[in-house]
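Student: Here you go, one structure.
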Amino acid sequence: MDTTFASHYDANTSTLELSGTFDSDAWASIHEEIDRAFRRTACRLTIDLTRAAGIPARSLGHLVHLCNCCYPGTIVRATAMRTAA
């Protein structure tokens, strides 16, 4: 997996794919990326995090809360996170 944070918006599926490692610089730009994509979707946005890494559970919770409050109808798709044994 590429470790550089990247975002890609697919207009055909109204999906914003966020991939790579979520460092502090990535988190700084997330709100802007989501806002831009949400405005282009007519309020039917899916955020796909299945190819992302390094997302702490608390940060994922904040992202879901942000979407619930500011971007109604947005779906956040993520995979199960591995935890240390």
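Student: Any residue in segment 66-80 that is on the phi < 0 side of the Ramachandran plot sitting within a Cβ distance under 7 Å of a residue that is of a type in the set (Ser, Thr, Tyr) and assigned to a strand (DSSP E or B)? List the pairs, counting only those 6 or more apart or interchain.
Tutor: So the pair list comes out as ILE75/THR46; ARG77/THR46.
Student: Moving to a separate point now. Name the residue, out of SER29, SER24, SER14, that is touching a Lys or Arg at 6+ places or on another chain (Cβ under 6 Å) and of a type in the set (Gly, Ala, Ser).
Tutor: Going through SER29, SER24, SER14 in turn, just one is touching a Lys or Arg at 6+ places or on another chain (Cβ under 6 Å) and of a type in the set (Gly, Ala, Ser): SER14.
Quick note: the coordinates plus some simple rules give every number you see, no bench work behind them. What you are looking at is a predicted structure, and each value in this text was computed from that prediction instead of being measured. Neighbour counts run over all protein chains shown; Cβ positions are idealised from the backbone, glycine included.
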